[in-house]
Amino acid sequence: MADRPSLAEEVRALEEIVRRLEQEDVDLDAALKLFEEGIARLRRARETLAGAEQTVQSVLADASGTLRNTRVDL
């Protein structure tokens, strides 16, 4: 299994997809493929963020199991 792209790579790819979709000369078939790719990349990025949130929460949990709410900007 190949390594998953990093969150930064996913964001860069999403930005490129948006840039390409904003071009006036993109045909419908290409636009649909780009849209599908964008949705898949967005889902993977959300999964990555959810995993990071779980990791942060487990690290921040104190010995009694109480979670401290601490904002972490990724």
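Return the residues of the range 1-29 that are in contact with a Leu (Cβ under 8 Å, 6 or more places away or on another chain) and assigned to a loop (DSSP other than H, G, I, E, B); say none if nothing qualifies.
V26 - this is the single residue of the range 1-29 that is in contact with a Leu (Cβ under 8 Å, 6 or more places away or on another chain) and assigned to a loop (DSSP other than H, G, I, E, B).
Quick test for you: out of T48, T55, pick the one residue that is β-branched (V, I, T), modelled with pLDDT of 85 or more and within 21 Å of the chain's Cα centre (by Cα).
Numbers: T55 fails: modelled with pLDDT of 85 or more.
Step by step, each of T48, T55 is checked, and only T48 is β-branched (V, I, T), modelled with pLDDT of 85 or more and within 21 Å of the chain's Cα centre (by Cα).
Go through the range 18-41 and give me each residue that's over 24 Å from G51 (Cα atoms) and either touching a residue at least 60 places away in the same chain (Cβ under 8 Å) or of a type in the set (A, V, I, L, M) (or both).
Residues satisfying the conditions are V18, L21, V26, L28, A30, A31, L32, L34.
Of all residues in the range 1-26, which are surrounded by 11 or more Cβ atoms within 10 Å (Cβ to Cβ) and among the basic types (K, R)?
Selection gives R4, R12, R20.
The values are calculated or read from the model by the stated rules, or taken from the named source; none is laboratory data. Note that the structure is predicted; figures quoted are calculated from it, not measured. Glycine also receives a Cβ, built like all others from the backbone with ideal geometry; neighbour counts cover every protein chain displayed.
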